[in-house]
Amino acid sequence: MKDKKVKEIMIALSDYATVSEEDTLASVIRTLKKAREDKKYTHKHRAVLVYDKNKKIVGKVSIRCILQSLEPKYCHIQNPNGHENIGLSRFGFSDDFLNSMVKNFCLWDESLEELVKHASALKVKNIMYTPSNGEYVDEEASVAEAVHQFILGCHQSLLVTKDKKVTGVLRLVDMFELVSEALEK
């Protein structure tokens, strides 16, 4: 794995679903749904990349981001002081406690249809995730370096760069396929 390069495994940016930061949530959902129907890849996409007015990749919208955006009250629970978004269950809170939060914060009080109707006009720039420095990997990096970033950063994908410009996406599931293929040899 030390000899194999990230660029040999990544999905090229031209093959990955993208949306503008000015698009709406409805557009993101349609784009992701279409990408998931593509039979070119064994594993379906779970996110779209977001570009700005200069066509520079500036973020991602994952399925998790989509679901979170349906209920705006989540930001009061997960980001009360502007801190990074961290799942509460990681801190050992019980299911009962987490369920009581849903009740106390009146989460999902409306029907799914109503939540989707309200959220569908949200701008991508308001719901997207902005990757941190540790979520970029150079396309000339070894697969071993990428695995290191995946494991230590707990990431599902990394943005692949060349000369600080995003050229593709390296997904954790594709790394698993590489390991699986090596096992079968």
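So which residues in region 22-68 are part of a loop (DSSP other than H, G, I, E, B) and crowded, with 19+ Cβ neighbours inside 10 Å, if there are any at all? Lay out the reasoning, then the answer.
Going through region 22-68, the residues part of a loop (DSSP other than H, G, I, E, B) turn out to be 22-23, 38-46, 52-56.
Scanning region 22-68 gives ASP23, HIS45.
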Whether any residue in region 106-113 is out of contact with any helix residue (DSSP H, G or I) (no Cβ under 6 Å at 6 or more places or on another chain) and within 30 Å of LYS53 (Cα to Cα) is what I want to check. no
Do we find a residue being loosely packed, with under 15 Cβ neighbours inside 10 Å, farther than 30 Å from THR24 by Cα, touching a helix residue (DSSP H, G or I) at 6+ places or on another chain (Cβ under 8 Å) and at pLDDT 65 or above anywhere in region 140-147? yes
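Is there a residue in region 154-161 that is out of contact with any helix residue (DSSP H, G or I) (no Cβ under 9 Å at 6 or more places or on another chain), of a type outside the set (Lys, Arg) and under 16 Å from VAL58 (Cβ atoms)?
As a first pass, look at region 154-161 and keep what is out of contact with any helix residue (DSSP H, G or I) (no Cβ under 9 Å at 6 or more places or on another chain): 154, 161.
Going one step further and asking which of them are of a type outside the set (Lys, Arg), we end up with 154, 161.
Keeping just the survivors that are under 16 Å from VAL58 (Cβ atoms) gives 161.
Yes, because at least one residue in region 154-161 is out of contact with any helix residue (DSSP H, G or I) (no Cβ under 9 Å at 6 or more places or on another chain), of a type outside the set (Lys, Arg) and under 16 Å from VAL58 (Cβ atoms).
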If VAL6 satisfies all but one of (1) of a type outside the set (Gly, Ala, Ser); (2) in contact (Cβ under 8 Å) with a residue 40 or more places away in the chain; (3) more than 19 Å from LEU172 (Cβ to Cβ), what's the number of the condition it fails? (3)
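The values are calculated or read from the model by the stated rules, or taken from the named source; none is laboratory data. The structure presented is a predicted model; accordingly, all values stated were derived computationally and were not measured. For neighbour counting, all protein chains shown are included, and Cβ atoms are generated from backbone atoms with ideal geometry for every residue, glycine included.
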